[in-house]
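The values are calculated or read from the model by the stated rules, or taken from the named source; none is laboratory data. Predicted model, so just to flag it, every value in this text is computed and none were measured. Note that each Cβ is placed from the backbone with ideal geometry, even for glycine, and that neighbours are counted across all protein chains shown.
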Amino acid sequence: MKRSIIIVVLAVLVLAIIVVWMLNSESSINGKAIPMISIQLVILVFAAMVIYRRWTAAKNNLPAEDEMSKKILRKGAATSYYVSIYMWLAFMFFEERIELERSTLIGAGILGMALIYALSWVYHNYIRRSHD
């Protein structure tokens, strides 16, 4: 239950940072900011899914983490690691053609890694049901 509270606090902080950033931005939201905001919102939806699952498990007196959920987390982490390595390789290969500053590109890569992890967790948890 303590981890769920930490996840809730972090999700609320990320949402507050997004709102403050949007309110303090000097220019209107352009085409480059929309993908960043959408990725951040997808990550927040993923956090909401994790929070909902943990709270329902606590409500039903089930353990928050059992052997299968730990195995799903491990497989999701392994899958996202390999895909993220190829994502960074593609970033390095197309670096001259990408018209972003280096710090923005690194931030996009980190958000991409979080999105890849969320998608690999969803894949291993809902789509691929053979958890052997």
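A few comments on the model shown:
For (1) surrounded by fewer than 14 Cβ atoms within 10 Å (Cβ to Cβ); (2) among the basic types (Lys, Arg); (3) modelled with pLDDT of 85 or more; (4) touching a Lys or Arg at 6+ places or on another chain (Cβ under 9 Å), each residue gets a yes or a no:
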{"residue": "Arg53", "(1), (2), (3), (4)": "no, yes, no, no"}
{"residue": "Asn60", "(1), (2), (3), (4)": "yes, no, yes, no"}
{"residue": "Pro63", "(1), (2), (3), (4)": "yes, no, no, no"}
{"residue": "Tyr117", "(1), (2), (3), (4)": "no, no, yes, no"}
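- Applying a threshold of 6 Å to beta carbon distances and a minimum spacing of six or more residues, or different chains, the list of pairs starting in region 63-87 at a residue that is under 21 Å from Arg3 (Cβ atoms) and ending at one that is modelled with pLDDT of 90 or more reads Gly76/Ser120; Ser80/Ile116; Ser80/Tyr117; Ser80/Ser120.
- Answer residue from region 80-100, given it is of a type outside the set (A, V, I, L, M, F, W, C) and within 30 Å of Asp66 (Cα to Cα) and is nearest to the chain's Cα centre (by Cα) among those: Ser80
- Top-ranked residue in region 119-132 [being part of a helix (DSSP H, G or I) and of a type outside the set (S, T, N, Q); ranked as nearest to the chain's Cα centre (by Cα)]: Leu119
- Filter pass, Ile17 being at pLDDT 80 or above and part of a helix (DSSP H, G or I): yes
- The conditions of being in a helix (DSSP H, G or I), at pLDDT below 80, under 17 Å from the mean Cα position of the chain (by Cα) and exposed (fewer than 15 other Cβ atoms within 10 Å of the Cβ) are not met by Ser4.
- Long-range neighbours under 9 Å by Cβ, at least six apart or interchain, first residue farther than 16 Å from Thr104 by Cα within region 16-43, second modelled with pLDDT of 75 or more and small (Gly, Ala, Ser): Val42/Ala114; Val42/Ala118; Ile43/Ala11; Ile43/Ala114; Ile43/Ala118
- As a summary of the residue check, Ser103 satisfies the conditions (1) polar (S, T, N, Q); (2) within 13 Å of the chain's Cα centre (by Cα); (3) within 22 Å of Ala33 (Cβ to Cβ) except for the one numbered (2).
- Tally, over region 87-118, of residues that are over 20 Å from Val42 (Cβ atoms) and either acidic (Asp, Glu) or in a helix (DSSP H, G or I) (or both): 9
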